[in-house]
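Taking it in order: structure first as structure tokens, then the write-up.
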């Protein structure tokens, strides 16, 4: 009986926030759809301005759960610019919670609504979200020879020409680094050897195409590249070995007490445009990440709070940044659920919104 209660309580740590985040999606999509229709008579810049604000509200609600609710401590190494910038955000990739880290940094710059993602093509089939991420400026890409360079350039250029603020998140490794998937790591290292690149031990070999296309297409629009290296505390054993990074459910279940984020701003003037030199530059950035991660995981003191080199500071997120969004989305959702007509609209939005969204992302270039 006691064990059952413990298991039930543990599961609620995940199901409660997951239910709220997913449950408010139809009300959010309906609000966005109304604005999308109204904005047809307005300048494109006006549409993006309000769309970014709506997205900020939803993502702030998400951060309420991933930061305030979990109580995770965010340790940042380096100085995040106080002013908003148009940037490409490059990070190592370990788990499904990685995209939340980009949100954590963006909200500290008041740029949360500007976050857009380069996503694996399969994610476009997510109910409601797959469609909306594309509408918000996200780019879906396929791997290897199926990568559509023209489509990616076209989408990014259309946004930069409209003056859309850009905080484009890219994970150059493509696949998540999991220390238990030895074959993936071995294949990645073999690819590096084949290409004459340094072998990396704590990241996979980065692939350059999406990064290069994004930076080349938006070079006149971008201010910088944000080079970010992330470690989830608790992924280090007593012997300095790596464990898999926490999944989103594990993160929400408060299994990650602290996240270490090493931040470096790279000015656009420092980034080579020619593909061969860009490839070397990107790999060198990941060699730096690899050294940072090696330093972290080989630390002699597993309990030491600051394990990246440089000045570190703990950066708590104020409830005033997130609670209003929870109240707004809750206020939009509850009236739908408490009336018969509202419930019909709610469930039809899930059903028809998902189906129509799938059709759209399937036929849209």
Cα-projected label distance for residue 265 with residue 323, points at 7 Å along beta-carbon direction, nm: 3.1 nm
Whole-angstrom gap from region 228-287 to region 312-345, using each part's C-alpha centre: 30 Å
Å³ per residue enclosed by the Cα convex hull of the chain: 161 Å³
Percent breakdown of C-alpha pair distances by 10 Å bin, ordered from the shortest bin, for region 198-265: 15, 34, 31, 18, 2
Kirkwood-type radius of region 273-359, with distances r between different C-alpha atoms, in Å: 19.0 Å
Linear extension gain, residue 258 paired with residue 184, 0.36 nm per residue minus alpha-carbon span: 23.9 nm
Peptides 220-230, 202-212 ordered by average Cβ neighbours within 10 Å, highest first: 202-212, 220-230
Max mean-square fluctuation residue, GNM over the chain, Cα-Cα springs under 10 Å, options 352, 55, 69: 352
FRET efficiency for residue 96 and residue 358, using Cβ-Cβ distance with R0 set to 22 Å, rounded to 0.05: 0.55
222 nm mean residue ellipticity, helices alone, for the chain (DSSP H n ≥ 4; -39,500 (n - 2.57); rounded to 500): -15500 deg cm²/dmol
Inter-centroid distance (Cα atoms) of region 38-105 relative to region 149-203, Å: 20 Å
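Any read-out appearing in this document is the output of simple, stated calculations on the displayed coordinates, not a laboratory observation. All values derive from a computational prediction rather than experimental measurement. Please note: Cβ atoms are built from the backbone with ideal geometry, for glycine as well, and neighbour counts cover all protein chains shown.
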